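Since the structure comes first, as structure tokens, the remarks are kept for the end.
The values are calculated or read from the model by the stated rules, or taken from the named source; none is laboratory data. These figures come from a predicted structure and were not determined experimentally. For neighbour counting, all protein chains shown are included, and Cβ atoms are generated from backbone atoms with ideal geometry for every residue, glycine included. Just so you know, the surface numbers come from the protein's heavy atoms only, side chains and all, with ligands and any DNA or RNA stripped out. Shrake-Rupley method; radii C 1.70, N 1.55, O 1.52, S 1.80 Å.
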Amino acid sequence: MKFNELDKKMRIYETAQDNCVLPGMYMVARIDGRCFTTLTKDKHKFEAPYDVRFRDMMTATVMHLMQCGFKVLYGYTQSDEISLLFDLNECAFERKERKFNSVLAGEASAKFSLLLGDIGVFDSRISQLPNRNLVIDYFRWRNEDAHRNALNAHCYWCLRKEGVSPKESAATFTRMSVSDKNEFLFQKRVNFNDLPGWQKRGVGVYWVPYEKDGVNPKADKAVKAKRSRLKVDIDLPMKDQYSNFIRDLVLETV
Ligand SMILES: Nc1nc2c(ncn2[C@@H]2O[C@H](COP(=O)(O)OP(=O)(O)O)[C@@H](O)[C@H]2O)c(=O)[nH]1
Ligand SMILES: [Mg+2]
């Protein structure tokens, strides 16, 4: 068989199931660390439940993903996961889902591994959201998940640090209400309200405009050029204020 014929025949098997995200759909990718429970506790002994070094590696990975060839409006990280909101008009790779997922997982894994000095692997999936309100709901969802994780993790590690076994510590909190967990921490002299915002709400990364001094070579005149740079926010707003914050980010691009 001639190469051209073989190429045409085989290409179908590779591309026939390709899914392209429809125009007008918001795309949000979630990139999650693989087996990071083992990585953070057995292999690398990060401080538990929260380690600033780990947070900073995840944040640097988010910044890398926002500058590796896609138009990303907002990056968000909590625990071992990253969410990215793409510009509504993003048309990289003809919006092929498999390309987004494979490239994002690859870029995240490569960047994080370099920072860690060991292999750290991420997977990726895409939510296709048909309207702005669902984009807001998506980020509220991850934000609430961060909050819930923080309460559970602080309770769990409080007992673990007193020498209680993993199984027993986990079992203590499985059926405990949120207010009882808060009370439990309070008895241990931990006021959940006073814990750092990034632990309870995650970290956001977004573009902020600034003016850069430049020179117009033709007129030989000083000019101000409009640029944007990434801002890392470790104290994100909460609840409805967070919804408004996401709404503003989405509206900026329409
Ligand atoms: N020690 C430590 N662990 C963390 C930190 N941030 C996230 N993790 C852990 O990362 C894991 C993420 O959870 P999950 O994705 O469900 O687990 P996986 O399937 O093992 O990747 C949990 O075990 C978290 O405790 C941190 O700052 N310090
Ligand atoms: Mg994970």
Item to check | Selection within the stretch 1-28 - charged (D, E, K, R) and within 22 Å of LEU129 (Cβ to Cβ) | outcome: ASP18
Next on the checklist: So for the stretch 12-29 (the condition being within 15 Å of ligand 2 (Cβ to nearest atom), touching a Phe, Trp or Tyr at 6+ places or on another chain (Cβ under 6 Å) and closer than 29 Å to PHE70 by Cα), does at least one residue qualify?
Outcome noted: no
Checklist entry - Are there any pairs with C-beta distances below 8 angstrom linking a residue in the stretch 29-56 that is free of Cβ contacts under 8 Å to residues at least 40 places away in the same chain to a residue that is within 10 Å of ligand 2 (Cβ to nearest atom), with the two at least 6 apart or on different chains, and if so which? => result PHE46/THR40; ASP51/THR40; PHE54/THR40
Item to check | Members of the stretch 116-146 that are surrounded by 18 or more Cβ atoms within 10 Å (Cβ to Cβ) and part of a helix (DSSP H, G or I) | outcome: VAL135, ILE136, TYR138, PHE139, ARG142, ASN143, ALA146
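The rows are residues; the columns are (1) of a type outside the set (A, V, I, L, M); (2) open to solvent by less than 40 Å² (accessible area, probe 1.4 Å); (3) modelled with pLDDT under 95.
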| residue | (1), (2), (3) |
| --- | --- |
| GLY33 | yes, yes, no |
| PHE36 | yes, yes, no |
| LYS43 | yes, no, no |
| MET66 | no, yes, no |
| GLN78 | yes, yes, no |
| PHE100 | yes, yes, no |
Next on the checklist: I need a count of the residues in the stretch 147-172 that are open to solvent by 40 Å² or more (accessible area, probe 1.4 Å) and in a helix (DSSP H, G or I).
Outcome noted: 13
Next on the checklist: Among the residues in the stretch 85-107, are any out of contact with any Cys (no Cβ under 7 Å at 6 or more places or on another chain), within 16 Å of ligand 2 (Cβ to nearest atom), touching a residue at least 40 places away in the same chain (Cβ under 8 Å) and closer than 30 Å to PRO166 by Cα?
Outcome noted: no
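Any chance the stretch 76-85 includes a residue that's touching a His at 6+ places or on another chain (Cβ under 8 Å) and within 13 Å of ligand 1 (Cβ to nearest atom)?
Taking every residue of the stretch 76-85 in turn, none turns out to be touching a His at 6+ places or on another chain (Cβ under 8 Å) and within 13 Å of ligand 1 (Cβ to nearest atom).
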Checklist entry - Taking the stretch 173-215, which residues are assigned to a strand (DSSP E or B) and among the aliphatic types (A, V, I, L, M)? => result VAL203, VAL205, VAL208, VAL215
Checklist outcome for this item: Here the residues within the stretch 216-227 that are open to solvent by 100 Å² or more (accessible area, probe 1.4 Å) and assigned to a strand (DSSP E or B) are LYS221, LYS224, LYS226, ARG227
